[in-house]
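A short write-up of the structure that comes next.
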Amino acid sequence: MTITVTRDNTAVVIIGAGVAGLTLGNFLLRNGIGCIVLEKRPRAYVEKRQRAGTIDTFGVRLFREWGLEEVLAGNPIPYSAGGFYIDGHAMPIDVDDDNESLYCPQQVLVRNLTEVFLREGGDLRCESADVNPENITGGRPAVRYREADGTERAIDCDFIAGCDGFHGVSRRSIPATALTEYSHEYGYSWLSVLAAAPTNPSGMAIHGLGLAGIIPRGPETSRIYLQCAIDDTPEKWPCERIWSELEARFGTPPARGEILSKQIVPLRSVVFDPMSYGRLYLLGDAAHIVPPMSAKGIHLALHDTEVFARAVIRYAKEGDSSLLDSYSETCLPHIWNYQAFASWITDTMHNAGYTGFEGEFKKQIARAELQRQFASESAKKLFSELTAGTN
Ligand SMILES: Cc1cc2nc3c(=O)[nH]c(=O)nc-3n(C[C@H](O)[C@H](O)[C@H](O)COP(=O)(O)OP(=O)(O)OC[C@H]3O[C@@H](n4cnc5c(N)ncnc54)[C@H](O)[C@@H]3O)c2cc1C
């Protein structure tokens, strides 16, 4: 039996409608460059997926510069007092005047990016199954996929942007021998909890029992983090244990509410080098993971996106492929710089006194490190972005 394949044609096929894919789609669209976004999930699912909550100064300025400031609107998270705590005592943070970072839950950003993309005539195809990049090293690659009604489609294009996250298909389409994976496992996990509870207290707490975090995700919703053993399971964390550990680690009783979800997230750093192969380019989590303590996953996804968008625009307008050729070399030093910060802040915050991990000595080191960092202008800026809205 012959399967009929309907063929389309565009400049860039973007795989994945997350932060990187939708931002790229918007950047290209407003520069007159054709693109089609393929997303495997339904739109409603993507727009409700709760992850990050902060857009740093770089991200805020990036959207403004590209005329997309409206995608940061509709932020339902109120101001809440907080910051860093050590052994139940709050450490005040001196906020940098230049800090423009803001709370914007990832699902709000994604929903806004989708609305603007569709309003401007963008082509977003959700529920695309079995997405498969083909002929990546040939002159003109294609992406094949199946629509929800079973129709087989292929899109011929100049370039493929792999924006489909760490578990997507794009990176797996590259021969393993063509990529070097650099990775580091930190040796512990986070119990990541979503709770229907106001954020009080708010911030990150260093304690002998391990790190704890309570970060707002909405007026009555909080993301809760509890450092735990690498082999812990959600079943080992009944509701009462979550609340009592938060109280112990923050030194004050937290506002309680219904636990909506809980999962174990092992902390790790990963970078793939190079970030392109033939005409396939990897952006965001498809190319690298930073531990969530750094809150820099969105930053890196947006940075890759801007570098790639500028390279495609230069190629389309001037026929100059030099920025595409140097995409990986441009992104990687920036990524390693942020991996260094992520690794340092993760070690500092987690090794501090957790009896199951390092020891009480490290807590004093963490205190000294945080105090020393607050004294430096550049570090103060990083810290105030990291804790934006919590102080
Ligand atoms: C619990 C949690 C908390 C986090 N907290 C923060 C934080 O506070 N700050 C921060 O900066 N970062 C945080 N991150 C990281 C941040 O969410 C990611 O770095 C960011 O989502 C990366 O964006 P992306 O567009 O590269 O990938 P994603 O947002 O993962 O988007 C990838 C898209 O591709 C789609 N897709 C996957 N496979 C396919 C396929 N085969 N075909 C088509 N589509 C596909 C997916 O459905 C998804 O829509 C957190 C992550 C998690 C999991």
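Some points to look at:
- In terms of overall dimensions, the C-alpha atoms belonging to the chain reach 65, 43, 41 Å along their principal axes, ordered largest to smallest.
- Cβ-based net charge around Ala196, under 12 Å, with every Lys or Arg adding one and every Asp or Glu removing one: +1
- Greater than 29 Å apart at Cα, pairs in Lys40/Lys236; Lys48/Lys317; Lys296/Lys362; Lys48/Lys362; Lys296/Lys363: Lys40/Lys236; Lys48/Lys317; Lys48/Lys362
- In this rough spin-label picture, where each label sits 7 Å from Cα along the Cβ direction, the Asn31-His167 distance is 3.2 nm.
- Between the listed residues Gln263, Gly297, Asn135, the Cα displaced farthest toward the positive end of the dipole of the chain, a dipole computed from Cβ unit charges relative to the Cα centre, is found at Gln263.
- Extreme residue, positive dipole direction of the chain, given options Ser183, Phe159, Leu124 (C-beta unit charges): Leu124
- Relative exposure of Val71, Val265, judged by other C-beta atoms within 10 Å (fewest first): Val265, Val71
- Here the chain is assigned +1 on the Cβ of each Lys and Arg and -1 on the Cβ of each Asp and Glu. Its dipole about the Cα centre then comes out at about 420 debye.
- Charge context of Gly88, other residues only, Cβ under 14 angstrom, K/R +1, D/E -1: 0
- Shape category assigned to the stretch 1-52 from the gyration tensor of Cα positions, a/c cut at 1.5: oblate
- Charge context of Tyr45, other residues only, Cβ under 12 angstrom, K/R +1, D/E -1: +3
- Length added when fully stretched, Glu65-Asp231, from 0.36 nm per residue minus Cα-Cα: 55.3 nm
- Ordering of 103-113, 47-57 by packing [mean C-beta count within 10 Å, highest first]: 103-113, 47-57
- At an R0 of 35 angstrom, the distance between the Cβ atoms of Gln263 and His334 translates into a FRET efficiency of 0.75.
- Sites listed here are chymotrypsin sites (Phe, Trp or Tyr not before Pro) in the stretch 163-222 whose DSSP assignment is loop and whose Cβ has at most 12 other Cβ atoms within 10 Å, and the list is empty.
- As a proxy for reagent exposure, Lys40, Lys296 were ordered by neighbouring Cβ count within 10 angstrom, fewest first; the result is Lys40, Lys296.
- Per-residue [θ]222 nm for the chain (sum of -39500 (n - 2.57) over DSSP H runs n ≥ 4, rounded to 500): -10000 deg cm²/dmol
- Phe341 paired with Asp156, simple spin-label distance in nm, labels 7 Å along Cα-to-beta-carbon: 4.4
- Potential extension, Arg314-Arg140 segment - 0.36 nm per residue separation minus Cα distance: 60.8 nm
All of the numbers you see were taken from the coordinates with simple rules; none came from a lab. This one's a predicted model, so the numbers in the text were calculated from it and none came from an experiment. Ideal geometry is used to build each Cβ from the backbone, glycine not excepted, and the neighbour counts take in all protein chains shown.
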